[in-house]
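What follows is one structure encoded as structure tokens, with my remarks underneath.
The values are calculated or read from the model by the stated rules, or taken from the named source; none is laboratory data. Given the structure is predicted, the values throughout are model-derived calculations rather than measurements. As a convention, Cβ positions derive from the backbone with ideal geometry for all residues, glycine included, and neighbour counts pool all protein chains shown.
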Amino acid sequence: MAAEPLVIFTPSGRRGRFPEGTTVLDAARSLGVDIDSVCGGRGICGRCQVEPSFGTFAKHGITASPDHLSPAGEQEAAYERLKEPLAADRRLSCAAHLRGDMVIDVPPESQVHRQVVRKGLTVRDFVVDPVVRLHYVEVERPELASPSGDLMRLFEALEREWGLHDLAADLDVIRALQPALEAGDYAVTVAVHDGHDVTAVWPGLHDKAYGVAIDIGSTTIAGHLADLGDGAVLASSGVMNPQIRFGEDLMSRVSYAMMHEGGAIEMTRTVRTALRTLILGLATQAGIQPVDVVEITLVGNPIMHHLALGIDPIPLGSAPFALATDRAVRIRASELGLSAHPGARVYLLPCIAGHVGADTAAVILAEEPQRSTPIRLIVDVGTNAEIVLGNQDRLLAASSPTGPAFEGAQISAGQRAAPGAIERVRIDPATLEPRVRIIGVDAWSDEPGFAEAAEATGITGICGSGIVEVIAELFLAGVISADGVIDGSLAERTPRVVADGRTFSYLLHEGFAGGPRIAVTQNDVRAIQLAKAALYAGVRLLMDHLGIDAVDEIRLAGAFGSQIDTTHAMILGLIPDCDPAHVGPAGNAAGTGALIALLSGAARTEIERVVRTVEKIETAVEPRFQEHFVEAMALPHRTASYPNLSTIVTLPERPATGEGASATRGERRRRRVLAVGGPEEA
Ligand code: FES
């Protein structure tokens, strides 16, 4: 008797013999080969496409010829008539029957667990592991003789055709089922969540489902809308967090909740309105209906997380900074009043500690320090800096109250990153003359075409990355001393150093066409010293706990972290010394993590596991924080060495005496406030 046809699937390499006439899809399924399908092999969804290979495969010891597959027949012709032509080398695996030995390639887009490769948006590639699957089924019609309910017959069909059991359905699905069955002539598509919950039903074939991943920042709320099937991001957008009117930073929002009856409820209402607006905007941008959104992930710091959920944030404002929950939260979108399908689910990543939120969990998911052998430092800089340090053996996390200086607040000419803001600065150490670059113009200010190009926006202020650069450059040029004092004696050498009351300022830009005069004042330098010292002290504290004196890699996350020049950040002493080749931006890692969690159930399982292992360090109650903070006020640091940095820049000589003695009373008071965990002065 002739052997049954042998089929080999690539790239998995799985192989097996099957009786002649077996469909390629059935053969793949019984070998556990990952091939997508919504229609269950009816030849209507087109998700199961494969590429047969013909010829002699010495490696496999077979010869595959075109007559080893049934020719394309009526089923594929109908698919092409109804949907779209198949590429010449493609077949529907559910319609192609084995007649002899074959090698069959499953292209990435036909795999359920496909690799998503992103450029720009995310830092790493990942594998889609859908939380929501769509299943098309034909449900038996009701009969007088066997009077079972529609839902029961739907469940039976799902078990029969898809092997799903222990199913439950939302009330909305039960309500919508009968009309859908009638409209679809007893064929419907359902969305099944986590393998058990039927959350949506549509008449006939419905092969698209979408999800939205949102990072609720205290300043901006940013989201991505993605196709849950292939992981393609179809729209990205952001809105301002309207809670800003209740307070710029997190602690002032907690204060608002404390001081105003119903304040927290008001902030909850406000952020949910913004979330609705964002989802509607994303849906419009992607050309879909919000009702097609069936899955949402949210990340945010603990206060944003609690306010979005309608949980009182006041306990997060003072020790022991107790979270209402440190577990992942799974709820219905309707509970938050979000604009989506009635059955849409929301997943919030777990918070880590009272100051370290679901956004940091998302950063970990995106950056994967838990898989790293080198010790990795990840810093997400905002009004609070979230810090993660460690590797596959141990992970630690903390938050440090940097305040809003890096976002341009508290800086005389500071502004948010927007066209017209100075973002790059270089200062000639010989002439002390600056050259700058502004957002929206490619040329430097000393290059041809700059003045004309800058006219559109003007030069309006300095954004966070510009502030870091100008202070680092002034330090390198000797204008600012290691203790952060602008050297007034240089006023004799350059008109850029000007008296400003009892201190001095450095005039960065004179202003033209009615634009403002932009100077770096002594107070600006102090504000940045305080912010960077708080960040460094937090990092150093984690290094102490880990028992290390140097880190192997540094990743800077968040809008500010992605914009700053890492060398200048090191010159300023914002981050510890590290090989410059191993220091880089991480982009919007929190948003990336939210997107990965949207598209992958396996990633959710992993982050829930990892978060439970993270050691939380509370900077506010650590006695050494204050000590590290004082040491870190100097540029780049009072005592820490910078061997790697010294290979690329010449740092000014370190003064024999430290800067600590020169701090004013006000600064000392400020440090005390920072050391107890509040970003604002009392
Ligand atoms: S499984 Fe849907 S077309 Fe083949």
Assuming A340 fulfils every condition listed in (1) in contact with a strand residue (DSSP E or B) (Cβ under 7 Å, 6 or more places away or on another chain); (2) in a loop (DSSP other than H, G, I, E, B); (3) more than 30 Å from L177 (Cβ to Cβ) apart from one, which condition is it? (3)
How many residues does region 133-161 contain that are in contact with a Ser or Thr (Cβ under 9 Å, 6 or more places away or on another chain) and at pLDDT below 95? 2
Given the options L574, L635, name the one that is under 20 Å from T360 (Cβ atoms), hydrophobic (A, V, I, L, M, F, W, C) and crowded, with 22+ Cβ neighbours inside 10 Å. L574
Number of the exception - D292 against (1) surrounded by fewer than 24 Cβ atoms within 10 Å (Cβ to Cβ); (2) more than 20 Å from D380 (Cβ to Cβ); (3) over 24 Å from the mean Cα position of the chain (by Cα): (3)
Sort out which residues of region 26-41 are in contact with a strand residue (DSSP E or B) (Cβ under 8 Å, 6 or more places away or on another chain) and buried (at least 19 other Cβ atoms within 10 Å of the Cβ), and write them in order of number. A27, A28, V33, I35, V38, C39, G40, G41
Taking region 362-392 on its own, how many of its residues are small (G, A, S) and either under 24 Å from A533 (Cα atoms) or surrounded by fewer than 24 Cβ atoms within 10 Å (Cβ to Cβ) (or both)? 4
Going through region 1-38 in order, the residues found to be of a type in the set (D, E, K, R), within 37 Å of the chain's Cα centre (by Cα) and within 16 Å of the ligand (Cβ to nearest atom) are R29, D34, D36
Could you please find all residues in region 44-80 being closer than 25 Å to A209 by Cβ and surrounded by fewer than 19 Cβ atoms within 10 Å (Cβ to Cβ)? Q75, A78, E80
Answer yes if at least one residue in region 4-25 is touching a strand residue (DSSP E or B) at 6+ places or on another chain (Cβ under 9 Å), in a helix (DSSP H, G or I), modelled with pLDDT of 95 or more and within 28 Å of L134 (Cα to Cα), and no otherwise. yes
Any helices (runs of 4 or more DSSP H) falling wholly within region 244-312 and containing at least 2 residues that are modelled with pLDDT of 95 or more: 263-286, 302-309
